[in-house]
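I have placed the structure first, in the form of structure tokens, so that the comments after it can refer back to it.
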Amino acid sequence: MVRLVVADASEIEMVVNFGVPRSSISAAARHDLIMRELVPPRTERSYVLTDVTADGQPLPPLQVRVSGALGLIGAGGILGLDFFAQYEDIHFHVPTFRLTLNSP
């Protein structure tokens, strides 16, 4: 799991899944973002999250769709291939569970 922080106000626990083409968030995460006024108060199929950080490191804007199925597995979201395709090199250190992303 990767903990994303949006605008220093909302945390979303994201599952890493390279097999999923698009990143997504749960309906509960969308509701939290709406309540904190971080996304428009409309029921949209997709959003662009800005001012996103992971472990204090800034990330590019993240386009996500809303998935009702995520609530069933207890995850706030999934980081899919669309997110990781922005990077040239991805390294996962298994003993520490540290994920390192390098831009081109």
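Coordinate-derived values only; no laboratory data. For clarity, every value in this text was computed on a predicted model and none was experimentally measured. Counting neighbours? That spans all protein chains shown, and the Cβs are built from the backbone with ideal geometry, glycine included.
Remark: pairs (first residue in segment 78-94, without any contact (Cβ under 8 Å) to a residue 24 or more places away in the chain; second residue in a loop (DSSP other than H, G, I, E, B) and of a type in the set (Phe, Trp, Tyr); Cβ separation under 9 Å; 6+ apart in sequence or on different chains) = 90/18.
For segment 46-54, the criterion of a residue being exposed (fewer than 14 other Cβ atoms within 10 Å of the Cβ) and touching a helix residue (DSSP H, G or I) at 6+ places or on another chain (Cβ under 6 Å) is satisfied by no position.
Among the residues of segment 55-72, write down those that are exposed (fewer than 13 other Cβ atoms within 10 Å of the Cβ) and in contact (Cβ under 8 Å) with a residue 40 or more places away in the chain. Talk me through it step by step, then tell me what you get.
From segment 55-72, those exposed (fewer than 13 other Cβ atoms within 10 Å of the Cβ) are 55-58, 60-61, 68-69, 72; that's our starting set.
The answer is 55, 68.
Taken over segment 1-19, the criterion of being within 22 Å of residue 93 (Cβ to Cβ) and not in a strand (DSSP E or B) is satisfied by 1, 17, 18, 19.
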